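The structure appears right after this line, and notes come after that.
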Ligand code: SF4
């Protein structure tokens, strides 16, 4: 979205919002995780690993530990101050790395490493070295590999940042959420702006190329005025990338979120106003809207990938690593191979026990059909480019998009009438500025599994706004 998008008819957006604020997947995978089943167990993952090609891999490690619980959080995390747990975790992760490596047919290398969590900087400098050493011994790094990490500024110390830089990490992502003290208190995450700014300053001084901030809109007590002050602080610091997530009120996953219902949780209109305020401020400050909830400086690789139409989306968010197979380690980690997804056991004990039994800790997964692969590509085009070109579909799948997906295109007609999407007679579709903001709604029309999920009625997804 360019700066012309500032012309969005906001009154119209508010008028149609009620039709599009309902729950929907974020499409970091297709099919989405609730579709995956336990019929895909470790034996099938082992067979798929034996089929991994020679191309370099993207490696994700989930470090689940945190010092205290942020009340908005629906991630898989273990709140602990017990030093024995990370030690045990590192031993088991090394076992998992070896087991996965041994099941691959060739000498695999890595083009991307991402440490996520939880809080990876819950680990000491020595433990970070140990983990990274185990990874790169098994999966030697390609020249120029992208190394990134998520950190919590409240627990991250200079020695850790120093160590990460020494290991070659270039990208650092900081959980911020909101700088407003009242919001911070309500979400049980008090993090003074000064502390975050100092960590950014240190990271830049040590040579990190890119700093990302994670922000959340829709938290208790947020409104346009309070968030405007947060945006002032963010824009003064100028991170290279910004992720602005919609708060996911998913009490069936994160029971502690029920406490928020006593507070003032902003309604969908307020959330849309806060989101739009942030979009306008970021665009005016020169950031590029990457998609859904991500912004980047124009010179950033994500912005370049978007311009070159090579942007991709996986469960880590938007990525430049098109077509790269992802292998995940640690509890709840997800692997995304060429034709399958596999997710590890979520609980630490179950993950450890499964590794001891089989060397692999797969809890569930999904083998992609040809139809899944087509729809995944369509949904990725919409989520990443805000556009699907019928010619590209024909070149890739030798089919006629308008004919193959006639019911889906008919289902999009009301969205076209509401100004979310423009469609050509050959089926080519382009999200408008409003459609980019509510993009899940466009992608949902191509999700073959969603109808059944909605019929069963079990809550599975957060609201689109
Ligand atoms: S938001 Fe981050 S630091 Fe807070 S509990 Fe969740 S994973 Fe841990």
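The values are calculated or read from the model by the stated rules, or taken from the named source; none is laboratory data. What you see is a predicted model, and the numbers here were worked out from it, not measured in a lab. Cβ placement follows ideal geometry from the backbone for every residue including glycine, while neighbour counts extend to all protein chains displayed.
Of the residues that sit in the range 44-82 and are part of a helix (DSSP H, G or I) and closer than 15 Å to residue 344 by Cβ, which one is nearest to the ligand (Cβ to nearest atom)?
45
Just to be sure, is residue 119 closer than 30 Å to residue 259 by Cα and modelled with pLDDT of 95 or more?
Criteria met by residue 119.
Give 179, 221, 213, 227 a once-over and let me know the one that is in contact with a helix residue (DSSP H, G or I) (Cβ under 8 Å, 6 or more places away or on another chain) and within 14 Å of the ligand (Cβ to nearest atom).
Residue meeting the stated conditions: 213.
For the range 73-88, does any single residue satisfy the condition of being buried (at least 18 other Cβ atoms within 10 Å of the Cβ), modelled with pLDDT of 95 or more and more than 18 Å from the chain's Cα centre (by Cα)?
yes
Just give me the residues in the range 191-210 being within 16 Å of the ligand (Cβ to nearest atom) and either crowded, with 20+ Cβ neighbours inside 10 Å or under 24 Å from the mean Cα position of the chain (by Cα) (or both), in sequence order.
Once the filter is applied, which keeps residues that are within 16 Å of the ligand (Cβ to nearest atom) and either crowded, with 20+ Cβ neighbours inside 10 Å or under 24 Å from the mean Cα position of the chain (by Cα) (or both), the range 191-210 yields 191, 196, 199.
Please give the number of the condition residue 375 fails out of (1) buried (at least 18 other Cβ atoms within 10 Å of the Cβ); (2) within 30 Å of residue 274 (Cα to Cα).
Here residue 375 clears every test but (2).
Among (1) under 22 Å from the mean Cα position of the chain (by Cα); (2) within 16 Å of the ligand (Cβ to nearest atom); (3) farther than 30 Å from residue 264 by Cα, there is one condition residue 146 misses while meeting the rest; what is its number?
(2)
For residue 419, indicate whether it is at positive phi, out of contact with any strand residue (DSSP E or B) (no Cβ under 7 Å at 6 or more places or on another chain) and free of Cβ contacts under 8 Å to residues at least 12 places away in the same chain.
In short, no.
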